[in-house]
Amino acid sequence: MAVTAATVAALYAATGTSSAAASGWDCSGYGCDNWDPYGLSWEKKDSDANKSYSSGGEWINIALKSGRHNGQWFGWAEISNPTGTGNDWHGWIDRSTDGGAHWDGLRGMFALKSTFHGSMQYWPDGTSLRACMAYPNHGAVCTKWVS
């Protein structure tokens, strides 16, 4: 999948993170999509997959993070260790119900210049997630699919 800077910028502009998350858990399942995972209480948190990119002095890592609340799992993307990137990286989650053959992508889109993580996405049984990142004039870099 080729992701251009214009596509990333347009999709990011149309995506927001719910500020309701700051008040606690008022949602369940897919109703929690696009909530900010930070500031919430979790029964368990995990780091499920990582993928690094390095070129010409740049080094950056995308991670698929997850948390469980009331027996339900949620995932989000985090970018770490930017060096020489100009903070123009964008990250997101792709969600698939067939192991990655088809996916509902660009979920929880975020720009590194604004935050280091995206909003959370529901991760029910039988679903796979991956975290991806893109930089202008570079293709997408994604973690492996995790189910």
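Taking a Cβ cut-off of under 12 Å around PHE110, the surrounding Lys, Arg, Asp and Glu residues balance to a net charge of 0, with basic ones at +1 and acidic ones at -1. In whole percents, the pair-distance distribution calculated for the range 46-122 from its alpha-carbon pairs, binned every 5 Å from zero, is 3, 15, 23, 24, 18, 10, 5, 1, 0. For the residues TYR38, TYR53, a 1.4 Å probe over the protein chains yields an accessible-area ranking, largest first, of TYR38, TYR53. When each of the peptides 135-147, 62-74, 39-51 is scored by the mean number of other C-beta atoms lying within 10 Å of its residues, the order from highest to lowest reads 62-74, 135-147, 39-51. For the range 37-147, with all protein chains in place and a probe radius of 1.4 Å, 43% of the accessible heavy-atom surface sits on carbon or sulfur. Counting Lys and Arg as +1 and Asp and Glu as -1, what is the net charge of the other residues whose Cβ lies under 10 Å from the Cβ of TRP89? Once all neighbours under 10 Å are counted, the net charge is -1.
The values are calculated or read from the model by the stated rules, or taken from the named source; none is laboratory data. On a predicted model such as this, the values are computed, not experimentally measured, just so you know. All Cβ positions, even for glycine, are placed from backbone atoms using ideal geometry, and neighbour counts span all protein chains on display. Only protein heavy atoms, including side chains, enter the accessible area calculation; ligands, DNA and RNA are left aside. Shrake-Rupley method; radii C 1.70, N 1.55, O 1.52, S 1.80 Å.
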